[in-house]
Each structure stands twice: as C-alpha cells, then as structure tokens.
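Participant: Structure below; questions to follow.
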There are 2 protein chains.
Amino acid sequence: MSLTISQRAQNMPESPIRKLMPSADIAIEKGLQVYQLNIGQPDIKSPSAAIKALHHWEEETLSYTRSEGEFEYRKNFAKYYQSVGYNIEAEDILATNGGSEALLFTISAIAEPGEEIIVPEPFYANYNGFASQLDVKLIPVSSCIETGFVLPPIEEFENKITPKTRAILICHPGNPTGYLYKREELEALKNLVLEHHIYLISDEVYREFAYDRKHFSILDFPEIRENAIVIDSESKRFSMCGIRLGAIITKNETVLSAALKFAQARLSPNIISQHIASAAHKNSGEYLKEANLKYRKRRDFTVKILNQIEGVICPEPQGAFYCVARLPIDDSERFAKWILEEFSWEGATTMIAPMQGFYSTPGKGVDEVRIAYVLDLEHLEKALKILEEALKVYPGRK
Amino acid sequence: MSLTISQRAQNMPESPIRKLMPSADIAIEKGLQVYQLNIGQPDIKSPSAAIKALHHWEEETLSYTRSEGEFEYRKNFAKYYQSVGYNIEAEDILATNGGSEALLFTISAIAEPGEEIIVPEPFYANYNGFASQLDVKLIPVSSCIETGFVLPPIEEFENKITPKTRAILICHPGNPTGYLYKREELEALKNLVLEHHIYLISDEVYREFAYDRKHFSILDFPEIRENAIVIDSESKRFSMCGIRLGAIITKNETVLSAALKFAQARLSPNIISQHIASAAHKNSGEYLKEANLKYRKRRDFTVKILNQIEGVICPEPQGAFYCVARLPIDDSERFAKWILEEFSWEGATTMIAPMQGFYSTPGKGVDEVRIAYVLDLEHLEKALKILEEALKVYPGRK
C-alpha cells in the first residue's frame, strides 16, 4: 500500500489535442500570435437566440433539472430530428454533460471491464480516454490516408469480433478524418451488427457538417433500432462547445434506462445550457445553412493550399471540420512542439494536433497531423503559410 | 453474445432520491401539491450577482475553457478558500461538471477496478453509483441513529483495511445524516490514513451549512497534504445546483495531474457556470451568512416537529440540510411510495427519501427516512403535518 495513483490513470493517455498547451504558452510568452488549428473550437458565433436567452434569463434559482434533461428541451431537440427526417421523440433522448458524457454512459451501459469495442482508426483520441477510465478495450481496424479513410473491408471488422465484443463505434462524419460514410458502408456495418447481436454506436456530433453528399444517420435503418445508439452534442452544431450539452439518442429503451441510472447518479445536466439550446433549436435552419457554407469554403481552401505545399498530401474530407495531412517530417509530435517552441513567421506560429494519439496501433500516424479549419479564410491563409515556411526549415524534414 | 446491458449497469442502483419520481407524477396527476423533502434542491434564490452576470453576458461564442477550468474562476474560488482560512491556490483546484464528476475523477485517479474505499454508512447514495460505474468496492463501516451518527470507533475502520484499500471517504457535513465531524474525529482519521498510506477523501459540498460548531476541513492538517482530497461544489453553497460546477481541491499534484487527464478527455467544464460562479464568489459573505441562518431555523423547526410526532426519533444534525428520522413503519420504501400514491391531506402530500439506499449493508435503514429541510417554514410545517397525519393511518405502521 502506498499513495500512488491507479493503473487506469497511468494508462490514461494525455489528450493529443490539449497536451501541447505548455508549448503554446511558450510561444505566447514570447509575444507570438498562435493560430489554433489543433482544436475543434470554432470561431463562429453562437446563435443569437441562445445569447438572447441568457440576457432574458428569468428563473431566480438555478436548480437541478430532471436527470434525463428537461422535457421541454428534449421536445425541441426531437423536433430538430423530425425536421431532418428521423422519427425521434423526446422519450428517445437522454441529455448529458457534453457528448463526452453521452459516450461514457453508453459504454458503461453496454460493456463490462475487459470487454471490447471495435473502432476504425484513426478515431477521436478521447475514445481512448473514456475506454481507459471504464477499463474497456478498444480494438482498432485500420483505415488509411491513401484511400481517403474509407471504411476498411467489413471482413476486417468481422475478424476482430470475439465473445467479448459489445459494439462497433464509428465517428460519422469522422473526427479526425472528416470522412463521411456512404450509405453502403453503413449498410455493411448494419448487417454485421445484426448478425452478431452487437451494438452500433455512431458519434454524429458533426452531422451538420456534410459537404458533398447527404449525411445518413444509422437511425435511418429500422432493422437496427435496438442496436443503434447515436451520440449527439449541441457543441459543434451551434458553436457552443462551452455549454457542455450532449445526448444519447436511441430507440433501445433498455439501454436508455441503464444510461439513466448513471445519469441519476450525477443528478442533472446543466439547466442554463438546456434553456439556451432550446432557444437555438427554434428556427435554426438559416443558422445551420450559413455555418455549413462557411465551413465548406474553409475546407476547399485548406485542402487546396495543403496539397500545394511540397511533400504534403491531404485527401479531401466530406464532413466535420478537420482534415488529416501527411507531412514530410520525421515525427509529428516533435514537429508540433518545435513549430510552437522554436519557430515563428511574421510574429506568429501555428498549433496542430499530431496524429499518433488518434491511432491505437503504435507507430501509425507518425507523419500525419490533424488540422481543424475553424478559423476564417484570412487567418487560415496565414496559419497555413506558417506551416509551409516551417516545413522548409524543420530539422526533421524528410 | 446478445444485445444485453452490462453487469455494471445492472448492478447500478437506482437513485433512492430520484426513483420515486413516477409515484410523485401519480400524485401530481391527481392534482395534489407535492412537498419535495426528498431532494436537496433548495428553494433559496441564487446570488443576484450570478443572475446579473447572465443578463450582462458579453461573449458571442460560448467556447470551451481549459480542461481544469478557467484561471480567473479558479483564482476567485481560491480566494474564497483563503478567506475561510485555507492556503489554497488556483493551481490546487480542478473544476468539474458538478461534485459528481469530481468524485468520479478522484476515484478513477486513485482506485483500480476491484479496489476498495471505506465509507462510514449511511452515506450519500450516489457514492454507490459512482463506485458501480468504476467497478470499485465501497466497504461500509456502520454508524447509527442511536448515537446521532458519530464517527464509528476508528478500530472499525482499521479492521476493514486490506491491501486493496485505497481511501477512506467521508461526507462532511454528512448527507444524509447532517453529522458534522468533530476535530478529534478527523484527527483519528488523519492518523489512520497516515499510518496506512491511503487517501482521505472529504466530500465537503455542504461546508457552508454548519450550525453549532465550526466546520474543520481536512485541509486543516498539513501532515496529510498528500493524502487529503476535498470534493467541493458550488451547487449548495450558492443554491445553483443546476449549473453543475464542482471541484477537486488537493495539494497532491500527482493526483491532480491524473485527474486532469480524465478532465482533458471530457474537454472542459461549462463556461457560463464558471463565469457566474466567479461573480457569485465576489462579496459572497452576506449571502452565505443569510443562507446559513435560514437553514439553521429550518433545522431547529424540523427536528423539533419531528420529535413531537409519536413514535418518531430524529437526532439533531449540526450541518448540511438533511436529517434522518426513524419512523414507526414497516418499510420506508413502501411508506414513501404509499404517501405519494395513496395518501393526501388537504390537497397535498409529501415526498421523502427512504434510507435503505443510503446504506450498503442490506436491511439497514428500513425504518428510516431522509428529510431535506429545503422549503420555507410555512411549507415545512405543512409537509411535516402531512407526514404526521400519514403515519396515523399508514397500513404498515408498527
């Protein structure tokens, strides 16, 4: 016995998106401007209806809400789902403190310590964190930059299924890849989970950001209404990442009841967040259309510029607001640190996320970075120019 | 393989505080007024400074904050700690989504699946939930209503220590007991954790509500600065339960760094909550004094009335806003359901929390209920009158 920390805390990876903060602080202390392309924090304004709801706040006591979220909020959220073509009712929604909590509750509800969830890699790095915390194993199936991160052959998923497999988890559209699954890819997954009686968890928090083709949710398949669990969040949809409001959406009442028990233990989601998200959901159409258009332009611009830089390869993503680029470098962790701590160009530098932390297979992603195109075109241009100049002089260039 | 839910979800107890909601709905549908003495949701207004901060909200994008919470908020919170005599700096504070998340992160950081935490029972029922979710075992040491829930003899704690023991967890002042630990009781715990190299976790979210003697935090003992982890929350202090803002407070940097990794995975606490709690912390003295006085009067009133009811015993609590009463009944779960579904008096009924769920030893608390004195005196009087009348006719009266 000694005052140590747990193995699960030791195993817990640091967030690859946030662990460069100390290096960024070094740049900031030098007086440099830091363009943050590392984190999915958009610069887009939150809906004015949400801010107005704050300004007109009426309740004098900021009390708990029901553990599953207020009916009023869930009703408005369900209406949004209905407006985009899904038969979702308030009763199918459990509101959570961010999409993160929705994932934690979902994994807790369906998987035991030691059990397994299959995930195409690269995947959202924090999936590793949630799995570590709950002692569940993520089993990767590799996709790759050469194919633009399409879904790996379904046989590769099937080969990984064991008696311990509880679910397949996808991020759709993908963070970090920006990949938007095609209907036939989703159908292959659908058939697989039906055959093997496992869950299909689809993290659709970037659903609003689909560019070249329609986003099909897994909610589209009535055959898997019991298998399908969608993770959603208001963070990206409304550029309100700081309100920490997410949700589990499922027609599987048993899963929702199990998740509700975890939700009851933490009492309630945030009352203010639910009110202002309710306000945002009313007449959100125009807001969402504008945001989509803005990101599409940024996507087009970013991918074009990146592919013009010598030695850089960047497949075009069809969704979310990320892209993965292969750079002519030895090690993206080293490069990401170096560009912050030792490089600058015209008084500024650029922060990017090394890709290693988004893979679970060691050695993968070593020359890849994730770029979040969350700045306006003018700033994106500067940030990418810095990247180009940095690559010219980086000592570990290959 | 089949579409089942996990054992940990099945083991997860329903919240004894919230699981009576369907019975309350039955009463409400009948048109009855329901006095909620079951839940620690105070009727007291949140600080006007906090509401004003909402009305004057300036930021146009509700963005993520740092994972550990904004420096500005943690600085203001640290000042509060300094003002009540503890040498706490912003760097010793990790802001969380409620005290609930603070506990989840703390347990995750120090305990492996299968390891043990010793807790005096009765204890806050949701500790069971957090432990189930993380697959950690709570080992109870029983305190009892006859002694007013004083700390059980320290030998009983010592007898429960095994190589798997990672911590002792207390709630101070206690939920549900209202018990406020005396300095000598804390000293006994201090010596024990020092001797056995384990952590002492003190859930002090009710710290503002100490009535007959001073609240001594475990932060008072420099000898255990590495062992001591305090769970705090703004919920009860400022009657802002719905803003979901809590904190881990510790001088142990290793624990805080481990907890930060879990915090990074869920990205950030709520930006709005941090801003308005910051505002509330400025000049909070008068607000807190008034709230304390109000609860003290309610405590005095509640305990006096309860002890006047035939067959009822209620030791006087010195803190929090709960008391535990022994009622002349067969089964408090049955009684709590019955009083909602089948009883009414002058168009109203009363909701109370059965105590079984606050014990981990089966069979304990069967004739005990927790009463939250969170209503004004007029409503408390009616709610307790209903309880008195109900006890006269309850079929399971003993």
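The values are calculated or read from the model by the stated rules, or taken from the named source; none is laboratory data. None of these values were measured; they are calculated from a predicted model. Methodologically, a virtual Cβ is constructed for each residue, glycine included, from the backbone with ideal geometry; neighbour enumeration extends over all protein chains shown. Remember, those area values only see protein heavy atoms, side chains included, never the ligands or the DNA or RNA. Shrake-Rupley method; radii C 1.70, N 1.55, O 1.52, S 1.80 Å.
Participant: Give region A:66-79 a look and list any residue that's surrounded by fewer than 20 Cβ atoms within 10 Å (Cβ to Cβ) and modelled with pLDDT of 95 or more, or say none.
Facilitator: A:Glu70, A:Phe71, A:Glu72, A:Lys75, A:Asn76, A:Lys79 - these are the residues of region A:66-79 that are surrounded by fewer than 20 Cβ atoms within 10 Å (Cβ to Cβ) and modelled with pLDDT of 95 or more.
Participant: Same structure again: Given the conditions (1) more than 21 Å from A:Tyr127 (Cα to Cα); (2) assigned to a helix (DSSP H, G or I); (3) touching a Ser or Thr at 6+ places or on another chain (Cβ under 9 Å), and given that A:Ser268 satisfies all but one, which numbered condition is not satisfied?
Facilitator: Among (1) more than 21 Å from A:Tyr127 (Cα to Cα); (2) assigned to a helix (DSSP H, G or I); (3) touching a Ser or Thr at 6+ places or on another chain (Cβ under 9 Å), the lone unmet condition for A:Ser268 is (2).
Participant: Are there any pairs with C-beta distances below 7 angstrom linking a residue in region B:371-388 that is open to solvent by less than 10 Å² (accessible area, probe 1.4 Å) to a residue that is among the small types (Gly, Ala, Ser), with the two at least 6 apart or on different chains, and if so which?
Facilitator: If the second residue must be among the small types (Gly, Ala, Ser), the pairs left are B:Ile371/B:Ala325; B:Ala372/B:Gly40; B:Val374/B:Gly40; B:Ile386/B:Ala348.
Participant: Given the criteria under 16 Å from the mean Cα position of the chain (by Cα) and under 29 Å from A:Asn128 (Cα atoms), does A:Val324 qualify?
Facilitator: So A:Val324 passes the test.
Participant: Which residues, counting only those in region A:22-60, are open to solvent by 30 Å² or more (accessible area, probe 1.4 Å), modelled with pLDDT of 95 or more and at the interface with chain B (Cβ under 7 Å from one of its Cβ atoms)?
Facilitator: The answer is A:Lys45, A:His55, A:Glu60.
Participant: Related question: Restricting the search to region A:328-340, which residues are surrounded by fewer than 16 Cβ atoms within 10 Å (Cβ to Cβ) and part of a helix (DSSP H, G or I)?
Facilitator: A:Arg334
To keep it simple, each residue is scored yes or no on (1) outside any loop (DSSP other than H, G, I, E, B); (2) among the β-branched types (Val, Ile, Thr).
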{"residue": "A:Ser360", "(1), (2)": "no, no"}
{"residue": "A:Gly363", "(1), (2)": "no, no"}
{"residue": "A:Val366", "(1), (2)": "no, yes"}
{"residue": "A:Arg370", "(1), (2)": "yes, no"}
{"residue": "A:Lys385", "(1), (2)": "yes, no"}
{"residue": "A:Pro395", "(1), (2)": "no, no"}
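Participant: Which condition from (1) within 14 Å of chain A (Cβ to nearest Cβ); (2) charged (D, E, K, R); (3) touching a helix residue (DSSP H, G or I) at 6+ places or on another chain (Cβ under 9 Å) is the one that B:Lys160 breaks?
Facilitator: Evaluating B:Lys160 over (1) within 14 Å of chain A (Cβ to nearest Cβ); (2) charged (D, E, K, R); (3) touching a helix residue (DSSP H, G or I) at 6+ places or on another chain (Cβ under 9 Å) leaves (3) as the failure.
Participant: Take B:Ile229 and decide whether it is within 29 Å of B:Glu70 (Cα to Cα) and more than 10 Å from chain A (Cβ to nearest Cβ).
Facilitator: yes
Participant: So which residues in region A:1-21 are within 7 Å of chain B (Cβ to nearest Cβ) and open to solvent by 10 Å² or more (accessible area, probe 1.4 Å), if there are any at all? Break it down stepwise before answering.
Facilitator: Within region A:1-21, the first condition is being within 7 Å of chain B (Cβ to nearest Cβ), and the residues that meet it are A:1-3, A:5-9, A:12, A:14-15, A:18.
Hits for region A:1-21 are A:Met1, A:Ser2, A:Leu3, A:Ile5, A:Gln7, A:Glu14, A:Arg18.
So that you can scan it fast, the table gives a plain yes or no per residue for (1) of a type outside the set (S, T, N, Q); (2) surrounded by fewer than 24 Cβ atoms within 10 Å (Cβ to Cβ); (3) more than 27 Å from B:Pro269 (Cβ to Cβ); (4) more than 14 Å from the chain's Cα centre (by Cα):
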{"residue": "A:Tyr86", "(1), (2), (3), (4)": "yes, yes, yes, yes"}
{"residue": "A:Ala95", "(1), (2), (3), (4)": "yes, no, no, yes"}
{"residue": "A:Gly98", "(1), (2), (3), (4)": "yes, no, no, no"}
{"residue": "A:Ala109", "(1), (2), (3), (4)": "yes, no, no, yes"}
{"residue": "A:Gly129", "(1), (2), (3), (4)": "yes, no, no, no"}
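Residue by residue, here is whether (1) within 13 Å of B:Pro328 (Cβ to Cβ); (2) of a type in the set (Ser, Thr, Tyr) holds:
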{"site": "B:Thr361", "(1), (2)": "no, yes"}
{"site": "B:Lys364", "(1), (2)": "no, no"}
{"site": "B:Val369", "(1), (2)": "yes, no"}
{"site": "B:Tyr373", "(1), (2)": "no, yes"}
{"site": "B:Leu380", "(1), (2)": "no, no"}
{"site": "B:Leu387", "(1), (2)": "yes, no"}
{"site": "B:Ala390", "(1), (2)": "yes, no"}
{"site": "B:Val393", "(1), (2)": "yes, no"}
{"site": "B:Lys398", "(1), (2)": "yes, no"}
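Participant: Which count do you get for residues in region B:266-289 that are in contact with a Phe, Trp or Tyr (Cβ under 6 Å, 6 or more places away or on another chain), within 16 Å of A:Ser100 (Cβ to Cβ) and among the aliphatic types (A, V, I, L, M)?
Facilitator: Of the residues in that region, 1 qualify.
Participant: So A:Ala263 fits all but one of (1) touching a Leu at 6+ places or on another chain (Cβ under 7 Å); (2) within 11 Å of another protein chain (Cβ to nearest Cβ); (3) closer than 24 Å to A:Leu293 by Cβ; what number is the exception?
Facilitator: (3)
Participant: Could I ask something else about it? Do you know which of the residues in region B:232-260 that are without any contact (Cβ under 8 Å) to a residue 12 or more places away in the chain and out of contact with any Phe, Trp or Tyr (no Cβ under 8 Å at 6 or more places or on another chain) is farthest from the other protein chains (Cβ to nearest Cβ)?
Facilitator: Looking at the filtered set, the residue picked out is B:Glu253.
Participant: Farther than 29 Å from B:Ile110 by Cβ and not aromatic (Phe, Trp, Tyr) - does that describe any residue in region A:102-119?
Facilitator: Step one: of region A:102-119, the residues farther than 29 Å from B:Ile110 by Cβ are A:118.
Among the residues that remain, those that are also not aromatic (Phe, Trp, Tyr) are: A:118.
Yes, that holds for at least one residue.
Participant: Give me the pairs: first residue in region A:273-299 and in a helix (DSSP H, G or I), second residue among the hydroxyl-bearing types (Ser, Thr, Tyr) and surrounded by fewer than 14 Cβ atoms within 10 Å (Cβ to Cβ), beta-carbon distance under 9 Å, and six or more apart or on different chains, which are they?
Facilitator: If the second residue must be among the hydroxyl-bearing types (Ser, Thr, Tyr) and surrounded by fewer than 14 Cβ atoms within 10 Å (Cβ to Cβ), the pairs left are A:Gly285/A:Ser83; A:Tyr287/A:Ser48.
Participant: Report yes if some residue within region A:61-81 is within 8 Å of chain B (Cβ to nearest Cβ) and of a type in the set (Asp, Glu); otherwise report no.
Facilitator: There is no residue in region A:61-81 that is within 8 Å of chain B (Cβ to nearest Cβ) and of a type in the set (Asp, Glu).
Participant: If you scan region B:250-271, which residues turn out to be among the hydroxyl-bearing types (Ser, Thr, Tyr), more than 20 Å from B:Lys79 (Cβ to Cβ) and crowded, with 24+ Cβ neighbours inside 10 Å?
Facilitator: B:Ser268
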